[in-house]
1. What number goes with the only condition from (1) over 29 Å from A140 (Cβ atoms); (2) free of Cβ contacts under 8 Å to residues at least 40 places away in the same chain; (3) not in a loop (DSSP other than H, G, I, E, B) that V11 does not pass?
2. How many of the residues in the stretch 101-125 are in contact with a helix residue (DSSP H, G or I) (Cβ under 9 Å, 6 or more places away or on another chain) and under 30 Å from L59 (Cα atoms)?
3. Test D36 against the stated conditions and say whether it is part of a loop (DSSP other than H, G, I, E, B), open to solvent by 10 Å² or more (accessible area, probe 1.4 Å) and at pLDDT 95 or above.
4. From the set of residues in the stretch 52-86 that are among the hydrophobic types (A, V, I, L, M, F, W, C) and in contact with a strand residue (DSSP E or B) (Cβ under 7 Å, 6 or more places away or on another chain), which is nearest to I30 (Cα to Cα)?
5. When you scan the stretch 129-185, how many residues do you find that are under 15 Å from S96 (Cα atoms) and in a loop (DSSP other than H, G, I, E, B)?
6. Could you figure out which of (1) open to solvent by less than 10 Å² (accessible area, probe 1.4 Å); (2) of a type outside the set (S, T, N, Q); (3) more than 22 Å from L17 (Cα to Cα) isn't true of L148?
7. Against the conditions (1) open to solvent by 10 Å² or more (accessible area, probe 1.4 Å); (2) under 24 Å from H15 (Cβ atoms), where does V91 fall short? Just the number, please.
8. If you check G68 against the conditions, is it open to solvent by 30 Å² or more (accessible area, probe 1.4 Å), touching a Phe, Trp or Tyr at 6+ places or on another chain (Cβ under 9 Å) and within 19 Å of G137 (Cβ to Cβ)?
Amino acid sequence: MTEAELREQMVSLAHSLFMRGYSSGGAGNISCRLPDGGFLVTPTNSSFGALDPERLSKLDEQGEWVAGDKPSKEAVMHRAFYRERPQTGGVVHLHSPSLTALSCLPGLDAANCLPPITPYYVMRVGTLPLVPYFRPGDPALAQAIGALAPSHNAMLLANHGPVVGGGSLREAVFNAEELEDTARLYFTLLPHGMVTLTAEQIHELNVTFKRPA
């Protein structure tokens with residue numbers, strides 16, 4: 001896709017997320033990689049529901065702001081994702097209700113915050129590690145994300161929300177939607193108990209659909 005097409009796609013997908021309550025006010029940020037190795041990211045204090053394709057922040061491969069409005073302070077974590085996971089074409093950071101609620105729970109398994117409830121969670125995300133709390137925009141947060149990115153395309157930031165990647169921005173959005181749906185199912189089932197996929201079933205999915213590491 002051309003840069004112009006990517007800008008339009010980014011605005012359209014962000015608006016869809018906003019309309020479904022996955023990002024309210026100026027919360028969250030999304031980005032997509034450009035053909036030249038740089039990336040577009042939502043500007044600071046911008047709303048997913050009212051983005052202007054011409055005013056999206058443009059950064060070069062080193063993360064330097066080169067055009068558009070001032071980038072989100074969390075652009076550093078997007079760059080860390082792209083740098084450490086080269087197959088990534090888009091990154092989505094949301095404050096979606098179910099995942100943000102999950103990120104505030106005590107006693108989470110830091111290696112995987114959600115059980116394998118459905119095959120689609122396994123196919124799109126695999127496992128969801130927990131990143132310890134850092135303030136938004138902290139360079140240490142970007143380092144923690146970079147350390148997990150080679151082996152995970154999604155992470156849960158403690159007391160904050162999810163960061164999700166994909167081979168394209170469209171795929172990253174789909175992955176983030178699946179992840180939020182899984183968290184919502186988890187809270188619905190929690191009072192009743194749940195049947196999860198077995199290790200054999202998970203292995204079959206990974207082999208059949210060749211989910212990226």
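The values are calculated or read from the model by the stated rules, or taken from the named source; none is laboratory data. Remember, predicted model here, so these are calculated numbers, not experimental data. Quick reminder, even Gly has a Cβ in these numbers, built from the backbone with ideal geometry, and neighbours come from all protein chains shown. The protein model used for the area step is the full one, side chains on, heavy atoms only, and it has no ligands, DNA or RNA in it. Shrake-Rupley method; radii C 1.70, N 1.55, O 1.52, S 1.80 Å.
1. Of (1) over 29 Å from A140 (Cβ atoms); (2) free of Cβ contacts under 8 Å to residues at least 40 places away in the same chain; (3) not in a loop (DSSP other than H, G, I, E, B), only one is false for V11: (2).
2. Selection size over the stretch 101-125: 2.
3. Details: part of a loop (DSSP other than H, G, I, E, B): yes; open to solvent by 10 Å² or more (accessible area, probe 1.4 Å): yes; at pLDDT 95 or above: no.
For D36, the condition - part of a loop (DSSP other than H, G, I, E, B), open to solvent by 10 Å² or more (accessible area, probe 1.4 Å) and at pLDDT 95 or above - is not met.
4. Step one: filter the stretch 52-86 for residues among the hydrophobic types (A, V, I, L, M, F, W, C), giving 56, 59, 65-67, 75-77, 80-81.
Going one step further and asking which of them are in contact with a strand residue (DSSP E or B) (Cβ under 7 Å, 6 or more places away or on another chain), we end up with 56, 59, 65-67, 75, 77, 81.
Values: L56: 10, L59: 13, W65: 15, V66: 17, A67: 16, A75: 9, M77: 11, F81: 12 Å.
Per the criteria, the residue is A75.
5. Residues meeting the conditions: 3.
6. Evaluating L148 over (1) open to solvent by less than 10 Å² (accessible area, probe 1.4 Å); (2) of a type outside the set (S, T, N, Q); (3) more than 22 Å from L17 (Cα to Cα) leaves (1) as the failure.
7. Here V91 meets the rest and fails (1).
8. Considered against the rule, which asks whether it is open to solvent by 30 Å² or more (accessible area, probe 1.4 Å), touching a Phe, Trp or Tyr at 6+ places or on another chain (Cβ under 9 Å) and within 19 Å of G137 (Cβ to Cβ), G68 comes out as no.
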